[in-house]
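Accompanying notes for the structure given below.
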Amino acid sequence: MIYAELILWVGAFILGTVLGSFSGALIHRLHFDKPGFWTGRSECPECKTTLKWWNLIPLFSYALQHGKCAYCHKKIPFTYFLLELIFGLVFLLFVQKFSSTTEVIPLLIAAWALLVLFFYDYLYLEVDLRIVIPAIVLAFSWVFFREQSPPFYLIAALIGGGFYGIQFAISRGKWVGAGDIYFGILLGLLLGWPLLLLCLFMAYIVGVLVAIYLMLFKNYGRKSALPMGAFLMPAGLVCLYNGDWWLNLYLTWSGLGQFYSF
Ligand SMILES: [Zn+2]
């Protein structure tokens, strides 16, 4: 039934935007160490007014209030609108592609964690251990129920963590942050080998392109911090979604496909 599928997809999109809206507030509360970061009521960070349910409808409230707080009329960063939209689209895509619930539920939890870590790093250049450590624990327990055998993922986690750990040690934290080590472990557990490698590769390409763009058009100095680790999250999402497809494309295009097959 096409209608049943349509309802499922719309539902996934709405669930994604609601979680996106909640996550935006969660990131804000975690960063500013507000009490009750998990259960607290949402309030305007400027005027502290507790928001009513109609101020919290994902996408619509932002659009209807012209991107401003309904009470003090301070501008709400466009990032929050974008965050809700991206959450909605990611949830829609995953539910549309993966039909079995045993597959899609862990994938949605993984996507949620990656998106929260991405926006946190993007907004505040920080990795919050209260998010990344539970995410690693969950990803580790998922390893025992996956398609491939556990070592496949555990080795990738070791390589991912080691890759950033070595850079962190050599540069004494100048090239990469300690948070990137957690990212490497998490993505290794989620993706396994060789998709982890593809993810690192994609993250570097996107990172370099963004850096070039910022230097050319935004007066971005060489000393400005760019959260390179943050690009691992979108790359990780793409690899979770259809990493094998990209890997095959790369192998065919580079001619390496005749030597390796996955
Ligand atoms: Zn306000």
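Using the alpha carbons alone, the radius of gyration of segment 130-234 stands to its Kirkwood radius in an Rg to Rh ratio of 1.03. Summing charges over all other residues whose Cβ lies under 13 Å from the Cβ of residue 69, with Lys and Arg as +1 and Asp and Glu as -1, gives +3. The listed peptides 27-36, 153-162, ordered by packing as a protection proxy, come out as 153-162, 27-36 (highest mean of other Cβ atoms within 10 Å first).
With contacts taken as Cα pairs under 8 Å at a separation of at least 6 residues, the chain carries a relative contact order of 16 percent.
Report, to the nearest 10°, how far helix 129-142 tilts away from the longest principal axis of the Cα atoms in the chain, using its own Cα long axis and a range of 0 to 90°. Here the helix axis deviates by roughly 50 degrees. For the chain, the mean residue ellipticity at 222 nm estimated from helices alone is -23000 deg cm²/dmol, where every DSSP H run of n ≥ 4 contributes -39500 (n - 2.57) and the total is divided by all residues, rounded to the nearest 500. Bridging of residue 74 to lysines at a Cα separation below 24 Å is possible for 34, 48, 52, once same-chain residues fewer than 8 apart are set aside. Residues whose amide H comes within less than 5 Å of that of residue 43, counting only those at least five positions distant or on another chain, are 51 (H built at 1.01 Å from N in the peptide plane). Dividing the alpha-carbon radius of gyration of the chain by the rule-of-thumb value 2.2 N^0.38 Å gives 1.07. In a solvent-free Debye calculation with one equal scatterer on each Cα, what is log10 I(q)/I(0) for segment 37-157 at q = 0.09, 0.11, 0.13 Å⁻¹, listed in the order of the q values? Log10 I(q)/I(0), no solvent term: -0.36, -0.52, -0.69.
For residue 75, a cut-off of 15 angstrom between C-alpha atoms picks up these aspartates and glutamates, skipping any fewer than 8 places away in its own chain: 43, 46.
Read-outs throughout are calculated quantities, based only on the coordinates presented, and are distinct from any laboratory measurement. Keep in mind that what you see is a predicted model, and the values were worked out from it rather than measured. Counting neighbours? That spans all protein chains shown, and the Cβs are built from the backbone with ideal geometry, glycine included.
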